[in-house]
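Trainee: Below you'll find the structure I mean.
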Amino acid sequence: MADKPDSGDIKITPGFLRDFQDKVLQKMVDDLVKDPNVAELAQTLTSAAGKRRLLAGSEAWEPARLLIEKYEASPAGTAPSLYNQVEAIRKQLITLNENISYVVDIAEKGEDENLKLSTELNMSQLGEIFTTTPAPPPAGS
């Protein structure tokens, strides 16, 4: 039935998943690790007060100081909270990549009876692969 375009069945082979890992997932993980903006956000987690400021402005001016404190306050500030969200996405991508590798290895070795001998993955197996944990809620929720 999967040969009919309107059957609703989806064929995903181990080769397709390996390509997805190499061309999409790994690139996304690398981008999140190497991105200078993410690295700058991470600095708000460990910097001492007054040593690292992402926002321009004089702390002598009360509105600027309040905005800086709200933005960089650890862990509830906007910058640390945003970094934690990005980090959660990165970890989920890594977990997804590991799950796909596990399933593809099983399919290629033919050790799992639940996989069809043709090495196609069914929808319940795809659901297990793509299941992720929810991201942490934003600070202040």
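The values are calculated or read from the model by the stated rules, or taken from the named source; none is laboratory data. These numbers were taken from a predicted model, which means no experiment stands behind them. Cβ: placed from backbone, ideal geometry, glycine included. Neighbour counts: every protein chain shown. These accessible areas exclude ligands, DNA and RNA; they are computed on the full protein's heavy atoms, side chains included. Shrake-Rupley method; radii C 1.70, N 1.55, O 1.52, S 1.80 Å.
Trainee: Residues in region 60-80 that are part of a loop (DSSP other than H, G, I, E, B), at pLDDT 70 or above and either open to solvent by 50 Å² or more (accessible area, probe 1.4 Å) or over 25 Å from LEU32 (Cα atoms) (or both): how many?
Mentor: Step one: filter region 60-80 for residues part of a loop (DSSP other than H, G, I, E, B), giving 60-61, 73-77.
Pick out the ones that are also at pLDDT 70 or above and you get 60-61, 73, 75-77.
Filter once more, so that each one left must be either open to solvent by 50 Å² or more (accessible area, probe 1.4 Å) or over 25 Å from LEU32 (Cα atoms) (or both): 60-61, 75-76.
Going through region 60-80 one residue at a time, the tally reaches 4.
Trainee: From the list GLY15, GLY57, GLY50, pick out the single residue that is open to solvent by less than 50 Å² (accessible area, probe 1.4 Å) and at pLDDT below 75.
Mentor: Among GLY15, GLY57, GLY50, only GLY50 is open to solvent by less than 50 Å² (accessible area, probe 1.4 Å) and at pLDDT below 75.
Trainee: Another question about this same structure. Just to be sure I understand the filter: pairs with C-beta atoms under 7 Å, separated by 6 or more residues or on different chains, first member in region 11-34 and part of a helix (DSSP H, G or I), second member among the acidic types (Asp, Glu). Which pairs pass?
Mentor: PRO14/GLU108
Trainee: Under 7 Å by Cβ, and 6 or more places apart or on different chains, what pairs join a residue from region 83-109 that is surrounded by 16 or more Cβ atoms within 10 Å (Cβ to Cβ) with one that is of a type in the set (Lys, Arg) and part of a helix (DSSP H, G or I)?
Mentor: From residues that are surrounded by 16 or more Cβ atoms within 10 Å (Cβ to Cβ), the pairs are VAL104/ARG18.
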